[in-house]
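A quick write-up on the structure given underneath.
Values quoted throughout were computed directly from the atomic coordinates according to the rules given, and no laboratory measurement underlies them. Bear in mind the structure is a predicted one, so any value in this text is a computation, not a measurement. Positions of Cβ are backbone-derived with ideal geometry, glycine not excepted, and every protein chain shown enters the neighbour counts.
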Amino acid sequence: MRSHLMRRFGLGAVLALALALFGLAPSASAADPAPAELTFATDSATTTPGGTVNLSMTITNHNTYDVWFVYQTIEPTWLTTQRPDLKYGFTGCSLATANGSTPCSGTGPANLGSNYGATIPPGQSRTVTLTLNVAADSGCNGNIGFYSYFYAEFSDSTSVSGGPVYTPVTRVLCS
């Protein structure tokens, strides 16, 4: 009888221990979004020599304080630099506003951040569009891509940095 009682107690103790361990385990929860996020999009995945592609960069403020300052760089990826026959450059820049787009300056590779028109209130975004022009005498059958690092300061004196963030690749097709 004692043996049966000890087995029942042992099984109960193991079961209680397992439930306690699972009960104390941290529950799965969604990660908080980064205080600021940079995303890229293009209006076309391909172009030909002499063509243009619009590269949109959107910074979103997920913080509870205003973004006061943004610093951003944009550089070609290593694979892009391995094709010296690809000739391209940024020829235009515009900031999307409630009243339409307005021209901006500083089309890269350094300090694109001033183009976002900070301050950016909590929960809002700003989109800057760069026009990528592929030269008419550019090589073809290659990919053009960029990467970016950014730094943002908030009105509560905190900051965040991020990157590298990669742009979609634009394929230069032969005409």
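Annotations for the structure displayed:
- For THR131 and TRP68, a Förster radius of 35 Å and the Cβ-Cβ distance give a FRET efficiency of 0.80, rounded to the nearest 0.05.
- Cα centroids of region 30-76 and region 120-135: 6 Å apart.
- Additional length obtainable on full extension of the chain from TRP78 to ALA45, 0.36 nm per residue less Cα span: 10.0 nm
- Cα gyration tensor, region 39-175 - rounded (a/c under 1.5), prolate or oblate: prolate
- For peptides 53-65, 151-163, sequence by mean Cβ density within 10 Å, most packed first: 53-65, 151-163
- Principal axis extents of the Cα atoms in region 104-155, from largest to smallest and rounded to whole angstrom, are 46, 19, 19.
- Placing R0 at 35 angstrom, the Cβ-Cβ distance between CYS140 and SER114 gives a FRET efficiency of 0.55 after rounding to 0.05.
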